[in-house]
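Encoded as structure tokens, the structure appears first; notes follow it.
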Amino acid sequence: MDELECELREALKRQPAPSSLKRKVMNRRSVTQRRHVRMVWFERIAAALILVAVAGAGVLWRHQDEQRRGEEAKQQVFTALRITGHALNHMNQQLAAHRRAAQE
Amino acid sequence: MTNRIMAFVLGAAVLAAAASAQDSQLPVPSPVEKQLAACASNVDEVTLSKNMLALASEVMNTNGDGKDEAAIHHLIEGLDGIYVREYDFDKEAQYSMEEIEQLRKYYETSEWSPVVRERDRKTGESTDIMVKLVNGKSRGMFILDVEPREVDIVLILGPVSMEDLGTLKGLAFLGMMSGTHHTGPDNARKKDGDQ
């Protein structure tokens, strides 16, 4: 029993920490902090890049969609003007025919 | 905060109402048009609001090599809308004169002044041209052209004149298109810019 007590006392005896322990702990802490800061920046940059890519794709898609709709509208304008031109030509022909008939 | 949201919603509603008011200048198709479309072998329908015309102007080539498109760009600039219908028929007398009269009355309102009224009793052909005058200036043109096998309705809203439309004669590619537009009954085309 005494022997066990002795061993325990010996084991629980206050011992001064090695002089390098504080430096090691502080070093490790700063390395972890730096790694964390780097990670945060990486995440921010990645998020910004994704946002820029999504916004760019949106702008491009919108531009292409407007271009497509504009082309469709342009073709419809041509069709409308062709019909208008046809109607005006027909009117001119009718007027010319009437004029000829009146002269005769 | 609630007030701001209410103001935003109100603002959006006002803008939406203004936008729809802009489009509402274009007429609602008359019931006769449906009857004509049902009998026609080929139908061309074009409805372009101010926004669609602006979109079309944006893609037009107005540089030196696109003279025709530049002329059209100039023609449609400032227009409020274009409403055009073309009905082609396989045979003559597929529509009645009553239908044409109904169509004429549908568009003939007090704000339109007749400019040309042409009738050929032998062939049944007729052309009506009316202009909408606001403070002595032309703010629209309506053409109803009736041929034995074709009925054309043209409604152009906005500042347009016969001189402007006279430039259409010089646009070669419109003439080229006219040779290709006739399609069979199965290929009846319907074009509507606002759909």
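Residues in the range B:105-143 that are part of a strand (DSSP E or B) and of a type in the set (Phe, Trp, Tyr): 2 in all. For B:Arg104, state whether it is closer than 21 Å to A:Asn92 by Cβ and within 12 Å of chain A (Cβ to nearest Cβ). So B:Arg104 fails the test.
Do we have A:Ala47 as more than 30 Å from B:Ile156 (Cα to Cα), without any contact (Cβ under 8 Å) to a residue 24 or more places away in the chain and surrounded by 10 or more Cβ atoms within 10 Å (Cβ to Cβ) here? Answer is yes for this residue. Condition check for A:His98 on (1) farther than 30 Å from B:Val116 by Cα; (2) more than 22 Å from the chain's Cα centre (by Cα); (3) within 11 Å of another protein chain (Cβ to nearest Cβ): one failure, at (1). Within the range B:33-55, restricting attention to residues that are without any contact (Cβ under 8 Å) to a residue 24 or more places away in the chain and more than 8 Å from chain A (Cβ to nearest Cβ), the residue that is nearest to B:Leu157 (Cα to Cα) is B:Ala54.
Of the residues in the range A:20-39, not one is assigned to a helix (DSSP H, G or I), within 30 Å of B:Ser57 (Cβ to Cβ) and either facing chain B (nearest Cβ under 9 Å) or β-branched (Val, Ile, Thr) (or both).
In the range A:40-61 there is no residue matching the filter, namely being aromatic (Phe, Trp, Tyr), part of a helix (DSSP H, G or I) and either within 14 Å of chain B (Cβ to nearest Cβ) or under 26 Å from B:Asp120 (Cβ atoms) (or both).
This table checks each residue for (1) among the acidic types (Asp, Glu); (2) facing another protein chain (nearest Cβ under 9 Å); (3) buried (at least 22 other Cβ atoms within 10 Å of the Cβ); (4) within 21 Å of B:Met52 (Cα to Cα).
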| site | (1), (2), (3), (4) |
| --- | --- |
| B:Val134 | no, no, no, no |
| B:Arg139 | no, no, no, yes |
| B:Glu150 | yes, yes, no, no |
| B:Val154 | no, yes, yes, yes |
| B:Pro159 | no, no, no, yes |
| B:Glu163 | yes, no, no, no |
| B:Gly166 | no, yes, no, no |
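FYI, it's all coordinate maths here, none of it is from the lab. Fair warning: this is a prediction, and the values are worked out from it, not measured in the lab. We place every Cβ from the backbone using ideal geometry, glycine too, and count neighbours over all the protein chains shown.
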